[in-house]
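Structure record follows, encoded as structure tokens.
The values are calculated or read from the model by the stated rules, or taken from the named source; none is laboratory data. No experiment lies behind these values; they were computed from the predicted model shown. As a convention, Cβ positions derive from the backbone with ideal geometry for all residues, glycine included, and neighbour counts pool all protein chains shown.
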Amino acid sequence: MKILIAADGSPYTKRMLAYLAAHDEWLGSRHDYTVLHTVPAVPPRAAAVLDRDLLKQYYVDEAEKVFKPIRSFFVKRSINASYVSKVGSAADTIAKLADDGDFDLLMMGSHGHGSLANLVMGSVATKVLAHCRRPVLLVR
């Protein structure tokens, strides 16, 4: 099974990884894992005054902060995973990669806010569910 794991480095990502570790059907070398982290774009006016290489390095460093503990998680279990970082809107990027990459499953943690909170604040998970055509496993 080809599994996309959307990760933001929050406690909800850690909870999702714990769920993954506790369920043998989702964890194992028989699956192909890709871990995705989306780095929010630096506002255009700020980006315009920054050196391009510095900005690129910023995006790489931000993604690496999230990937480092996840790499350790997979290495401890002798499982290979691919790591992809993108710059942009998290919900749009996650849904697009899940669909374009022809993944069988998208796994992600969720804050678990109720529908009223989503109405007021919005939610990456809610937007992904609305736009993604792949099965999504949300872990709260």
Item checked: Of the criteria (1) surrounded by 13 or more Cβ atoms within 10 Å (Cβ to Cβ); (2) modelled with pLDDT of 85 or more, which one Ser123 fails -> (2)
Next item on the list: Just give me the residues in segment 94-113 being within 16 Å of Pro135 (Cα to Cα), in contact (Cβ under 8 Å) with a residue 40 or more places away in the chain and not in a strand (DSSP E or B), in sequence order.
Entry: Ile94, Leu97, Ala98, Gly101, Asp102, Phe103, Asp104, Ser110
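Can you work out which of the residues in segment 20-66 that are among the aromatic types (Phe, Trp, Tyr) and modelled with pLDDT of 95 or more is nearest to Ile94 (Cα to Cα)?
Taking segment 20-66 as the starting set, the residues that turn out to be among the aromatic types (Phe, Trp, Tyr) are 26, 33, 58-59.
Okay, now just the ones that are also modelled with pLDDT of 95 or more, so 33, 58-59.
Numbers: Tyr33: 14, Tyr58: 20, Tyr59: 17 Å.
Residue satisfying both the conditions and the ranking: Tyr33.
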Checklist line | Members of segment 1-47 that are in a helix (DSSP H, G or I) and among the charged types (D, E, K, R) | finding: Lys14, Arg15, Arg45
Item checked: Selected residue (criterion: surrounded by the most Cβ atoms within 10 Å (Cβ to Cβ)) from residues of segment 79-91 that are farther than 18 Å from Ser10 by Cβ and either touching a Gly at 6+ places or on another chain (Cβ under 8 Å) or among the polar types (S, T, N, Q) (or both) -> Ile79
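Kindly indicate the residue of segment 48-78 that is among the hydroxyl-bearing types (Ser, Thr, Tyr) and assigned to a helix (DSSP H, G or I) and also surrounded by the fewest Cβ atoms within 10 Å (Cβ to Cβ) among those meeting that condition.
Taking segment 48-78 and keeping what is among the hydroxyl-bearing types (Ser, Thr, Tyr), we get 58-59, 72, 78.
Going one step further and asking which of them are assigned to a helix (DSSP H, G or I), we end up with 58-59, 72.
Details: Tyr58: 15, Tyr59: 16, Ser72: 10.
Across segment 48-78, the extreme among qualifying residues is Ser72.
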Next item on the list: Kindly indicate whether any position in segment 9-31 is exposed (fewer than 11 other Cβ atoms within 10 Å of the Cβ), over 14 Å from Ser85 (Cα atoms) and β-branched (Val, Ile, Thr).
Entry: no
